[in-house]
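Notes to accompany the following structure.
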């Protein structure tokens with residue numbers, strides 16, 4: 001482990017616990033942990049991890065269900081000088097094996113694996129383990145989340161930012177997490193946004209109200225009960241709030257909220273309209289960034305009003321829109337997003353299991369498409385790998401999905417291309433619906449919003465969730481399954 005400037009996360013949390021030991025740190029359905037209780041539990045856990053073989057700057061894979069134990073495992077990993085590598089406990093066994101093989105962690109927390117140093121769900125530090133603070137430790141990597149990207153093959157996105165209190169407090173500043181407040185954690189902790197928000201809040205001295213699973217009505221009730229001033233969300237969650245009965249929305253007391261941040265996917269126009277009316281433009285905040293975090297854009301509710309459809313201007317790093325030949329495009333033209341931290345600056349991450357898509361001038365791309373308007377505000381189109389070529393015209397699935405999800409009976413939409421001999425792709429929409437809406441009604445609804453060549457030629461309903469627990473579209477799987485079903489139908493005719 002190299003010497004790193006900054007305040008160890010453990011040192012910062014210990015100071016907060018000493019200043020106000022009885023203040024609630026984490027509230028969950030299982031009870032309340034005070035700052036002092038959280039401090040002692042994570043100290044004991046960190047010592048137990050070291051006894052189990054965790055070494056400085058190694059990875060610790062955490063695949064626990066969302067709950068206080070997940071936060072404790074992550075903080076204990078930092079206190080042991082290692083890097084947390086969060087993974088969903090719902091991953092298929094094959095994908096989990098691939099990730100663990102890539103990470104080669106010194107410990108796996110949340111599974112009993114015969115061929116790995118691991119501890120199961122519910123495991124705790126042995127009785128008698130000291131709760132005293134550990135020697136100050138700073139891992140050289142803050143985090144190592146995973147991504148399948150457009151290839152479907154897992155990779156680790158290892159932060160080159162050290163595990164310091166300053167790193168997390170900087171994130172808190174970007175997303176308006178205040179000091180000594182109360183935040184509502186609504187998403188799975190295996191995902192980047194909820195986890196960063198929670199630990200940043202703890203380091204700001206705020207209390208984390210933790211939802212183990214999102215429910216719209218419960219979320220609003222928790223805001224009122226605990227005086228929540230900051231709430232994490234993704235568009236799927238906001239849509240579920242918008243779908244609540246009018247009397248429930250009218251009765252909700254959300255006056256304590258100062259910020260509702262949304263990320264992970266673009267917020268559709270109709271949903272933005274609801275949020276502006278229900279939460280207000282002063283409260284809403286949208287963030288766009290890849291997990292790699294080369295560049296970050298932010299826009300508030302007032303920006304939504306003045307620049308409809310935009311996800312904001314860069315607050316971290318730089319963004320340039322380029323055409324297929326690699327040249328910069330003028331304002332208003334859709335192209336591929338190329339990003340970097342700054343001229344001559346090193347990137348904020350390294351991959352394990354993949355190579356970055358990098359140009360010779362230091363810019364990189366993760367495959368997103370969009371354009372920048374004349375005032376420098378970014379507007380997303382889609383991912384390059386998701387774009388469909390239909391009869392020689394580009395169709396961006398996200399645009400069609402957004403229009404579909406404006407229908408009151410469409411809860412979620414995933415638009416994919418099915419092979420077509422004449423047009424190259426035939427647009428197909430897979431839907432989660434809440435009512436008996438017909439194909440003709442959906443087509444009529446879309447005609448008012450998108451060009452005729454973008455209309456789906458077929459629709460399919462499914463009860464399986466199209467988005468994962470963090471609001472990310474399961475596009476690759478939906479596409480593969482839809483293509484397989486189409487092939488079966490074709491073979492049967």
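What follows is calculated from the coordinates using simple rules that are stated; it is not laboratory data. Only a predicted model underlies this, so the values are computations on that prediction, with no experimental measurement involved. We place every Cβ from the backbone using ideal geometry, glycine too, and count neighbours over all the protein chains shown.
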For the range 9-213, compute the orientation-averaged projected area of the C-alpha convex hull (one quarter of its surface), in nm². 10.8 nm²
FRET E, pair residue 215, residue 132, Förster distance 30 Å, beta-carbon r, rounded to 0.05: 0.15
May I ask for the angle, rounded to the nearest 10°, between helix 9-19 and the longest principal axis of the chain, with both axes built from Cα atoms and the value confined to 0 to 90°? 60 degrees
What is the distance in Å between the Cα centroid of the range 192-234 and that of the range 34-63? 23 Å
Hey, what number do you get for the chain at 222 nm if only DSSP H runs of n ≥ 4 count, each worth -39500 (n - 2.57), divided across all residues, to the nearest 500? -9000 deg cm²/dmol
Compute the long axis of helix 165-174 from its Cα atoms, compare it with the longest principal axis of the Cα atoms of the chain, and write down the angle in degrees, 0 to 90, nearest 10. 30 degrees
Quickly work out the residue 305-to-residue 451 label distance, labels modelled 7 Å from Cα along the C-beta direction, and quote it in nm with one decimal. 3.3 nm
Cα-based Rg/(2.2 N^0.38 Å) for the range 198-342, rounded to two decimals, is 1.18
Relative contact order of the chain, defined on C-alpha pairs under 8 angstrom at six or more residues apart (%): 10 percent
Between the range 330-409 and the range 84-103, how many Å separate their Cα centres? 27 Å
Mind ordering 14-23, 280-289 by average Cβ neighbours within 10 Å, highest first? 280-289, 14-23
What per residue convex hull volume, in Å³, do the alpha-carbon atoms of the range 289-383 yield? 101 Å³
Tell me the Kirkwood radius of the chain: reciprocal of the mean inverse pair distance over distinct alpha-carbon atoms, in Å. 23.8 Å
Which whole-number percent is the relative contact order of the range 32-169 (Cα, under 8 Å, 6+ apart)? 27 percent
Can you give the % of DSSP beta bridges in the chain that are antiparallel, to the nearest 5? 65 percent
Helix 216-226: inclination vs the chain longest Cα principal axis, degrees, rounded to 10, gives 40 degrees
The range 289-383, relative contact order in percent, only Cα pairs under 8 angstrom and at least six apart counted: 28 percent
Only bridges whose two residues both fall in the range 289-383 count here: according to DSSP, what percent of them are antiparallel, nearest 5? 100 percent
Whole-Å distance linking the alpha carbon centroid of the range 293-311 with that of the range 435-461 is 29 Å
